[in-house]
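Heads up, the thing below is written out as structure tokens.
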Amino acid sequence: MCGIFGVISSREVAPLILDGLKKLEYRGYDSAGLATIQYSKNTQLGELFTRKAKGKLINLSNLIKKQSIQGHLGIGHTRWATHGKPNEKNAHPHLDFTGQIAVVQNGIIENYNDLAKSLELKGIKFTSETDTEIIPHLIALEIENLLDKGLMTNGATLLSAVQKVLSLLEGIYSIAVVWSKAPDVLVVARRQAPLVLGFGEGEFFCASDTSALVGLTHTFLPLKDNEVALLTRLGIELYDENGNRQHRAPSLLKGTELFADKRNFRHFMLKEIYEQPETAQLWIDRYMPSDFLSDHSIAFPIKKSTLEKIDQIQILACGTSRHAAMVGAYLLEQFAGVPTTVYFASEFRYSPPPVSPNTLTIGVSQSGETADTLAALRMEKVRRDSIKDPNFSFHQLGITNRLDSSLARELDNVMDIGSGIEIGVAATKTFLGQMLSFYGLAILFASNKQTRPTQEILDLSNDLRLVPKQLLDLIKQHDALSKEIAHLFTETKDVIFLGRGINYPIALEGALKLKEISYIHAQGYPAGELKHGPIALIDQHVPVISIAVPGVVYEKVLSNSQEAKARDARLIGVAPDGPESAMFDELFSIPKVSEWVSPLLTVIPLQLFSYHIAAHKGLDVDQPRNLAKSVTVE
Ligand code: M6R
């Protein structure tokens, strides 16, 4: 899970690469590096230069300020370590044994051990512990082979060598390759890991994500699986895995212009928390126009005829997306009456349930690039496609924030949560967007299957329309309160979050946010489970945050909270202000709303609470240690 960027231009490329990597840094920030080829008119050959630095991109930028690097062709990488420690030695680009070929890679080469052994037998010495280093060595050997057969020292030879080497690799990857002896070409390829090509004026780019192309071009083309591209100053040639030339029209970049402006906020995460009223309103305007119940085809990507065939739903997701899916499952089952199961995508792939008919499989992924989710969805498609029974219907839906992602490209039906680019590694506004999408689906199923009285469906729709304003008030109120009390928790080691029913996933999400950015151990439990074991952990040093919203489980949650308080826990409530809330030592008060919509509000104080503790501790809120925004390895 890394970011790669490459460019061929008539300008100096080092600043372009640094800028591109900056926009990809959310993908990983353990180390960064770049390689450029400087062309010499005298020798008509190129010379390869590299710079690498451990840690964030700023270290590489600072290094380049001291040791500048020239060239009109180059590749760069920002790393999230998989194979080998996050140090300079393991930072990309990796070079071959001749020092002429440089490669950056995003993904994992699964058979690298076997390939490395065969290279070692040929006397090749490795300088890093990465899986990537085999690639430049293999390319160099293949080039030697091709030159022996009489091929010329040029870009076509590099392309042939890369194509040959790709056939040896197993795993998921995207790569960019330069060779000093072919100083006018850049060769790129992908298998399952993302890679897009950018078309500038006399300059061409490759990047892990379209966000890195913003400001450079408006035109891009996602590379398809197993395709290879040759970038020159004159254009881009595209080839399929059999070496056949491909022709496809590029697309226009949309929306991504909103990228990465922190405005006056100290961190992206805080800015993104504050954007929630606006993104909720955008979602409502788009998916719930006044006549959406009579004509849902306006925005939802599922046809009425398909809805009627669906008897059950399975949802595959990871992390925060899985928590949104759990809220969704509650709504789909309890509100719309459709049996729904949520799976950890990473587990589903290896222990799926028996295939059942008339099932909708939903993949939820903010980035649309999470390898576990994509792999589970692909596997499920293969399982389903193998069933030839005409009465057996199978449908897939993706819920994502990135219409340019692999998930969006691979699934026929996609729901865009439309939350705008999220830079903070901890998901906030996209969690809200994902939950809203499930509210939309639950309403859709309930109205089409007539599993709820029309009035209740209208009530829920009307309650949802009030949410943006409620969010606005809540954020202001709890930003101030969280900031005020954050210092009380900087020494805290463990926190327990309790929720029940539709708010149980919010307890999980609150705990995840705290772990991710504040590095405080936290656990979310269904409140009724506390007495079955976790209560043994409680004393005055373990705060308990209890989400208590009037509804089917209100009294039960209050009793469970009392049990924690009786064991000296500092009790923090996320609850409406009222006589019952007197039991809490601190109260994050929320408006008295219907329990159905409450998760959209109860999550807000928990996001702000984690944010302010992390900010108070001086931690790197937007790029927490060991994490990356999109996890493109399994
Ligand atoms: O892009 P995805 O939604 O598929 O990502 C899934 C998780 O990796 C992600 O939600 C992760 O848990 C976030 N860092 C949560 O803040």
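Does any residue in the stretch 502-524 that is more than 25 Å from Gln334 (Cβ to Cβ) and within 14 Å of the ligand (Cβ to nearest atom) come within less than 8 Å, Cβ to Cβ, of a residue that is part of a strand (DSSP E or B) and open to solvent by 30 Å² or more (accessible area, probe 1.4 Å) six or more places away or on a different chain, and which pairs are these?
Lys515/His521; Ala522/Asp494
Which members of the stretch 524-557 meet the condition of being closer than 24 Å to Arg322 by Cβ, assigned to a helix (DSSP H, G or I) and open to solvent by less than 50 Å² (accessible area, probe 1.4 Å)?
Answer for the stretch 524-557, where residues must be closer than 24 Å to Arg322 by Cβ, assigned to a helix (DSSP H, G or I) and open to solvent by less than 50 Å² (accessible area, probe 1.4 Å): Ala527, Gly528, Leu530, Pro534, Val557.
Could you count how many residues in the stretch 336-383 are open to solvent by 10 Å² or more (accessible area, probe 1.4 Å), touching a helix residue (DSSP H, G or I) at 6+ places or on another chain (Cβ under 6 Å) and part of a loop (DSSP other than H, G, I, E, B)?
So the answer is 5.
To keep it simple, each residue is scored yes or no on (1) without any contact (Cβ under 8 Å) to a residue 12 or more places away in the chain; (2) under 18 Å from Leu230 (Cα atoms); (3) open to solvent by 10 Å² or more (accessible area, probe 1.4 Å).
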{"residue": "Pro93", "(1), (2), (3)": "no, no, no"}
{"residue": "Glu120", "(1), (2), (3)": "yes, no, yes"}
{"residue": "Gly123", "(1), (2), (3)": "yes, no, yes"}
{"residue": "Ser128", "(1), (2), (3)": "no, no, yes"}
{"residue": "Val162", "(1), (2), (3)": "no, yes, no"}
{"residue": "Trp179", "(1), (2), (3)": "no, yes, no"}
{"residue": "Asp184", "(1), (2), (3)": "no, yes, yes"}
{"residue": "Pro194", "(1), (2), (3)": "no, yes, no"}
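Leu608 - would you say it is closer than 24 Å to Ala336 by Cα and either without any contact (Cβ under 8 Å) to a residue 12 or more places away in the chain or crowded, with 16+ Cβ neighbours inside 10 Å (or both)?
For Leu608, the condition - closer than 24 Å to Ala336 by Cα and either without any contact (Cβ under 8 Å) to a residue 12 or more places away in the chain or crowded, with 16+ Cβ neighbours inside 10 Å (or both) - is not met.
Filter the stretch 347-367 down to residues that are without any contact (Cβ under 8 Å) to a residue 60 or more places away in the chain and within 9 Å of the ligand (Cβ to nearest atom) and give me whichever is farthest from the chain's Cα centre (by Cα).
Here the residue is Gly363.
Taking the conditions exactly as written (free of Cβ contacts under 8 Å to residues at least 24 places away in the same chain, open to solvent by 60 Å² or more (accessible area, probe 1.4 Å) and either within 16 Å of the ligand (Cβ to nearest atom) or assigned to a loop (DSSP other than H, G, I, E, B) (or both)), does Asp568 satisfy them or not? Write out each step before concluding.
Working: free of Cβ contacts under 8 Å to residues at least 24 places away in the same chain: no; open to solvent by 60 Å² or more (accessible area, probe 1.4 Å): yes; either within 16 Å of the ligand (Cβ to nearest atom) or assigned to a loop (DSSP other than H, G, I, E, B) (or both): yes.
The answer is no for Asp568.
Table: residues versus (1) small (Gly, Ala, Ser); (2) over 17 Å from Ile590 (Cβ atoms).
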{"residue": "His532", "(1), (2)": "no, yes"}
{"residue": "Ala536", "(1), (2)": "yes, yes"}
{"residue": "Val542", "(1), (2)": "no, yes"}
{"residue": "Ile545", "(1), (2)": "no, no"}
{"residue": "Pro550", "(1), (2)": "no, no"}
{"residue": "Tyr554", "(1), (2)": "no, no"}
{"residue": "Leu558", "(1), (2)": "no, no"}
{"residue": "Ala566", "(1), (2)": "yes, yes"}
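Give all pairs with beta carbons closer than 6 Å in which a residue from the stretch 623-634 that is among the hydrophobic types (A, V, I, L, M, F, W, C) meets a residue that is near the ligand (Cβ under 8 Å from one of its atoms); count only pairs at least 6 apart in sequence or on separate chains.
Filtered contacts from the stretch 623-634: Leu627/Val425; Val631/Thr370.
Taking helices (runs of 4 or more DSSP H) that fall entirely within the stretch 384-485, which contain at least 2 residues that are buried (at least 20 other Cβ atoms within 10 Å of the Cβ) and away from the ligand (no atom under 16 Å from the Cβ)?
Details: elements: 406-410, 429-449, 454-485.
In the stretch 384-485, the matching helices (runs of 4 or more DSSP H) lie at 429-449, 454-485.
The values are calculated or read from the model by the stated rules, or taken from the named source; none is laboratory data. Just so you know, these numbers come straight off a predicted model, no measurement behind them. Cβ: placed from backbone, ideal geometry, glycine included. Neighbour counts: every protein chain shown. Accessible surface is based on the protein model in full, side chains and every heavy atom, while ligands, DNA and RNA are left aside. Shrake-Rupley method; radii C 1.70, N 1.55, O 1.52, S 1.80 Å.
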